[in-house]
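Sharing a structure with you now.
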């Protein structure tokens, strides 16, 4: 059983007149923030506020780039070639890095958002395009890869620094990918259930898929979605349980 775990959460997804998530409250319970870069969500004002808040709370800053799809919140697949994907990610990483640098913070990691991330779970070449963007930006940037998927292989082939990610609040398929959000019940809203899944993952190294299959995973960073109504309660429950288990919560880059 590991003696530490990173908890990451998607942050900074408000934009313009629209407020999404409870960033200020959630930030109290996480160690790494995946901050929207303005294409699926976020804007320069929100990016500035979120990076500043991350610094105040001692939370590491990461890029959360996605498809240029503000209307669809980045959850609609787009027909892009690999060069476009790589360059789109570099562009978005540069945007959030500007704010991180302005606050004297490094850019710790990159985690693909939404539909782009879902494609990367199963498409080696797309995963390699994301990993290349990370490695080209900086050899120190951590590429967040869904545990046990082709994303891990991509990171190894490209030579990108990476960590393996698991989800506390999503239902898994037997192949280790996430069950589609289009299927009812794919997002776990019950804090008790999410905390049980998190503890099983961290302590036992497996997650139970929707059909009962035990899927082996390597837990290095644990994700909770910040835009769900019960996110705060889920995070509070998870932090309490990992503390009782003697597991420290630290940013993935430490």
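What follows draws every value from the coordinates through simple rules; no lab data is involved. Since the structure is predicted, the reported quantities are computational estimates derived from the model, not experimental observations. Glycine also receives a Cβ, built like all others from the backbone with ideal geometry; neighbour counts cover every protein chain displayed.
Checking residue 152 against (1) free of Cβ contacts under 8 Å to residues at least 40 places away in the same chain; (2) closer than 26 Å to residue 73 by Cβ; (3) surrounded by fewer than 22 Cβ atoms within 10 Å (Cβ to Cβ); (4) under 17 Å from the mean Cα position of the chain (by Cα), which test does it fail?
Here residue 152 meets the rest and fails (2).
Based on this model, can you work out whether residue 157 counts as under 16 Å from residue 88 (Cβ atoms) and either assigned to a strand (DSSP E or B) or in contact with a helix residue (DSSP H, G or I) (Cβ under 7 Å, 6 or more places away or on another chain) (or both)?
no
Also: Can you tell me how many residues within the range 215-241 are in contact with a helix residue (DSSP H, G or I) (Cβ under 9 Å, 6 or more places away or on another chain) and more than 17 Å from residue 27 (Cα to Cα)?
Final tally of qualifying residues: 4.
Could I ask something else about it? Could you list, in sequence order, the residues of the range 201-224 that are buried (at least 18 other Cβ atoms within 10 Å of the Cβ) and either out of contact with any strand residue (DSSP E or B) (no Cβ under 6 Å at 6 or more places or on another chain) or in contact (Cβ under 8 Å) with a residue 60 or more places away in the chain (or both)?
Across the range 201-224, the qualifying residues are 202, 215, 217, 219, 220, 221, 222, 223, 224.
Of all the residues that make up the range 115-135, how many are within 17 Å of the chain's Cα centre (by Cα) and either more than 27 Å from residue 174 (Cβ to Cβ) or assigned to a loop (DSSP other than H, G, I, E, B) (or both)?
2
List the number of the failed condition for residue 164; all other conditions in (1) more than 24 Å from residue 31 (Cα to Cα); (2) in a strand (DSSP E or B) hold.
Only one criterion is unmet by residue 164, namely (1).
If you go through the range 136-148, how many residues are surrounded by fewer than 22 Cβ atoms within 10 Å (Cβ to Cβ) and outside any helix (DSSP H, G or I)?
Going through the range 136-148 one residue at a time, the tally reaches 4.
Table: residues versus (1) touching a residue at least 40 places away in the same chain (Cβ under 8 Å); (2) within 17 Å of the chain's Cα centre (by Cα).
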{"position": "161", "(1), (2)": "no, yes"}
{"position": "174", "(1), (2)": "yes, no"}
{"position": "178", "(1), (2)": "yes, yes"}
{"position": "193", "(1), (2)": "no, no"}
